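Enquirer: The structure that follows is given in the form of structure tokens.
The values are calculated or read from the model by the stated rules, or taken from the named source; none is laboratory data. All of these numbers come straight from a predicted model, not from anything done at the bench. Positions of Cβ are backbone-derived with ideal geometry, glycine not excepted, and every protein chain shown enters the neighbour counts. Calculation scope for accessible area: heavy atoms of the full protein, side chains included, ligands and nucleic acids excluded. Shrake-Rupley method; radii C 1.70, N 1.55, O 1.52, S 1.80 Å.
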Amino acid sequence: MVRCWFLLSLFIHTLYAHSDFFTSIGQMTDLLYTEKDLVTSLKEYIRQEENRLEQVKQWADKVDSLTNTATQDPEGYLGHPVNAFKLMKRLNSEWAGLESLVLKDTTNGFISNLTTQRQFFPTDEDQTGAAKALLRLQDTYQLSANTISTGDLPGVKSGVVHKSRMTVEDCFELGKIAYSEADYYHTELWMAQALTQLDEGEESIIDKVTVMDYLSYAIYQQEELEQALELTKRMLNLDPNHLRANGNLKYFEFQLEKQRKAEEEKKGKEVKKSEEKLLDKRDAQRKRSKDPLPERKKYEMLCRGEGVKLTPRRQSRLFCRYFDNNRNPQLLLAPVKMEDEWDRPHIVRYHDIISESEIEKVKEIAKPRLRRATVHDPITGKLTTAQYRVSKSAWLSAYEHSTIERINQRIEDVTGLEMDTAEELQVANYGVGGQYEPHFDFGRKDEPDAFKELGTGNRIATWLFYMSDVSAGGATVFTDVGASVWPKKGTAVFWYNLFASGEGDYSTRHAACPVLVGNKWVSNKWIHERGQEFRRPCGLTEME
């Protein structure tokens, strides 16, 4: 057993000298195997003291069953965001509780080793990150708390083994994290869901009064005094001596009375000006109707498959074709399948452009190197992490493996653009609710030093491989023009970031939508100005 733990310790130390687990499902899958090994060791301990540790045995059986199912298809299992959140919560919080439960026997090998291994477990940051990801998915895809709690997400088939429900404790934890961020909107949603599940008879160590205490405060912070008062009265029916509830009852009643008087005075004054206000309101409505849709709202609509669509006339000008890039010798016998995705900017998709074996090799090389994805700081020009980009990435050079070299050559053959000055192949794996909010790939005029360190000029074009299918979410959307491009394994999309003049094409502003269900792997090549003959060789034209 000691040998087993030593090997496991070495394995974990090698693979998990990282952080930000929640930002990459690919790396999170290994946590399932780690947890399964811990359960196996735990069950050996339980057999030694079966009677005294019956409570621990029940816990182990539950998690053992869960991990047995999960490890049959780790990426599919963690592709459900509720499962990913519960894994973060379980390893960060619940295993610590188990440790305390059996800490009476500190000489036992399992306890000492569990304590040692916990330094490599997910952190509070991981658990909070996974929770925030669920809230982001809730907002982007307009999901109710009940939909997420029951696990009935779009893209999840009924009866599948990966579907998972949230307990009262899970909902309460999500509400508490929102509360700690002063996010009272989501605090209300998730405390209300926890209360609903308690009202429906779900057993929990969390009591109704505790939930209602958070809920009433969140409602009060959103200026819903009457609802907060009713909830406080319900709290006092359950616990008449609750000090905060008794204080809040008097305060809410006082504030409501004050509010009613203010409204009555305001109503008397407003009668005289009703006609004038009606005209002002109509003018304001007309003015608002001309305002452009805020980018955040447009982004989320496109992620849901809503928003701008091509007119029939524009749609009729998009085609599929076999393409050999002006009889390129590498493409004569096997031209690529090319499809127009959008006209302005002209976005094309290449089908069957990367094989299954190539995808697996790229993932195999990249996975041990995945680190939190970075962005260029527009002020310093240096790379830094950002909350609006949630994923992990790795950079692969052509000299490392023949597969990478072959992929780079294929991009050059299809696009006709020089790869020597392009950036290395970037491989990205998106975590729970993984996304990259609207951005430009090229450096703007107010970012003169964006790629100064590379010394290869601006980014002419972007090539993006999709290396996995995504059950729900995960689209690449272009917010300025309303285009949505959906992931399809084995395909790649391509577009120019610059006009022939070298000016940036601002219509290429795009984003990677949050992954709702599934595991998204992509790899991309950013092609730079230096060494290029600027032309549009790969069938891309300036569509009118």
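Enquirer: Say each of Q58 and E202 gets a label point 7 Å from the Cα, pointing the same way as Cα to Cβ; how far apart are those two points in nm?
Expert: Spacing of the two 7 Å Cα→Cβ label points: 1.8 nm.
Enquirer: My understanding is that a pair violates if its Cα-Cα distance is over 31 Å; which of K163/K233; K57/K363; K57/K89; K132/K258; K43/K86; K36/K208 do that in this structure? If you can, show how the numbers build up before the last one.
Expert: Working: K163/K233 37 Å; K57/K363 37 Å; K57/K89 20 Å; K132/K258 37 Å; K43/K86 21 Å; K36/K208 33 Å.
Correct reply: K163/K233; K57/K363; K132/K258; K36/K208.
Enquirer: Let me ask you something else. Measuring from label point to label point, each 7 Å out along Cα→Cβ, what is the A262 to V209 span in nm?
Expert: For A262 paired with V209, the spin-label model returns 3.2 nm.
Enquirer: Here is a further query. Report the extension gain between R321 and Q221 in nm, rounded to one decimal, defined as 0.36 nm multiplied by the number of residues separating them, less their alpha carbon distance.
Expert: Working: separation 100, 0.36 × 100 = 36.00 nm, distance 5.79 nm.
Result for the pair: 30.2 nm of gain on full extension.
Enquirer: Return the FRET efficiency for the residue pair N237, F440: r is the Cβ-Cβ distance, R0 is 60 Å, and the value is rounded to the nearest 0.05.
Expert: Values: r = 57 Å, r/R0 = 0.94.
Working from the Cβ atoms, E equals 0.60.
Enquirer: Now for a separate question. Applying 1/(1 + (r/R0)^6) with R0 = 25 Å to the Cβ-Cβ distance of K337 and K489, what FRET efficiency is obtained, to the nearest 0.05? Walk me through the intermediate numbers first.
Expert: Working: r = 14 Å, r/R0 = 0.58.
The calculated FRET efficiency here is 0.95.
Enquirer: Grab the Cα-Cα distance for L310 and D30, subtract it from 0.36 nm times how many residues apart they are, and report the gain in nm with one decimal. Before the final figure, lay out each step's value.
Expert: Numbers: separation 280, 0.36 × 280 = 100.80 nm, distance 4.27 nm.
Separation in residues times 0.36 nm, less the Cα-Cα distance, equals 96.5 nm.
Enquirer: Moving to a separate point now. Number of Lys-Lys pairs in segment 404-544 under 22 Å by Cα, sequence gap 8 or more or different chains? Spell out each step's value before the answer.
Expert: Numbers: K452/K525; K488/K520; K488/K525; K489/K520; K489/K525.
Summing the qualifying lysine pairs gives 5.
Enquirer: Excluding V82 itself, calculate the net charge of residues whose Cβ lies under 11 Å from the Cβ of V82, where each Lys or Arg counts +1 and each Asp or Glu counts -1. Intermediate values should be presented prior to the final figure.
Expert: Numbers: positive: K86, K89, K163, R165; negative: D152, D170.
After counting each charged neighbour, the total is +2.
Enquirer: Starting at the first residue of segment 300-305, write each ³J(HN,Hα) from the Karplus equation 6.51 cos²θ - 1.76 cosθ + 1.60 with θ = phi - 60°, in whole Hz, x for Gly and Pro.
Expert: Values, residue by residue: 5, 4, 5, 4, 8, x Hz.
Enquirer: Multiplying the sequence separation of R118 and A96 by 0.36 nm and subtracting their Cα-Cα distance, what value in nm do you get?
Expert: On the way: separation 22, 0.36 × 22 = 7.92 nm, distance 0.83 nm.
Residue separation times 0.36 nm, minus the Cα-Cα distance, leaves 7.1 nm.
Enquirer: If you roll a 1.4 Å probe over segment 315-365 with all protein chains in place, what percent of the accessible area is carbon or sulfur?
Expert: On the way: 1420 of 2830 Å².
That fraction is 50 percent.
Enquirer: Now for a separate question. Given a 1.4 angstrom probe, what's the average accessible area per residue across segment 117-208, in square angstrom? Kindly include the intermediate steps, with their values, before the conclusion.
Expert: On the way: 4120 Å² over 92 residues.
On a per-residue basis, 45 Å².
Enquirer: Same structure again: Show which aspartates and glutamates lie in cross-link reach of K261 when reach means a straight Cα distance below 14 angstrom and same-chain residues fewer than eight apart are skipped.
Expert: E253
Enquirer: Rounded, prolate or oblate: which one fits segment 389-485, using the alpha carbon gyration tensor with axes a ≥ b ≥ c (rounded when a/c is under 1.5, else prolate when a/b beats b/c, else oblate)?
Expert: Values: a/c = 1.63, a/b = 1.14, b/c = 1.43.
It comes out oblate by the Cα gyration axes.
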